[in-house]
Amino acid sequence: MKNKVKLFEDRKVRTLWDEEAEKWWFSVVDIIGILTDQPDYEKVRSYWKWLKRKLKEEGSELVSNTNQLKMESADGKKYLTDVADTEQVLRLIQSIPSKKAEPFKLWL
């Protein structure tokens with residue numbers, strides 16, 4: 001898999017290209033940070049933790065279908081990170097009220 005950083009407006013989105021499956025994986029916390037317009041990583045992680053719990057309670061398959069892959073973090077080390085493919089990202093966008101939802105969908 002190939003690590004890449006893409007930009008949406010001025011925000012970084014960590015991605016991985018899976019050649020075998022022929023699809024992109026996107027960092028969930030990066031996407032949530034963009035949609036919530038929250039630059040604080042810890043607050044974004046807390047929001048994702050809360051949203052995962054809420055979606056599980058609602059019976060959403062989004063959380064159970066989320067994978068973890070190693071992605072490079074700001075400190076240069078690779079950590080397991082929750083990732084979603086394009087279809088899952090579109091479902092995630094529906095779960096977060098955001099004025100950036102439509103521009104982000106177009107960016108995808």
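Readers should treat all values here as calculations from the given coordinates under stated rules, not as data from a laboratory. Just so it is clear, the model here is predicted, and its values are computed rather than measured. Backbone-built Cβ (ideal geometry, glycine too); neighbour counts: all protein chains shown.
Residue count for the range 5-32 under the criterion of being within 19 Å of L106 (Cα to Cα), in a strand (DSSP E or B), of a type in the set (D, E, K, R) and without any contact (Cβ under 8 Å) to a residue 40 or more places away in the chain: the result is 3. Reported count of residues in the range 60-102, each being touching a residue at least 40 places away in the same chain (Cβ under 8 Å), more than 11 Å from the chain's Cα centre (by Cα) and either within 14 Å of V29 (Cβ to Cβ) or in a helix (DSSP H, G or I) (or both), is 6. Residues in the range 45-57 include none that are surrounded by fewer than 18 Cβ atoms within 10 Å (Cβ to Cβ), at positive phi and more than 12 Å from the chain's Cα centre (by Cα).
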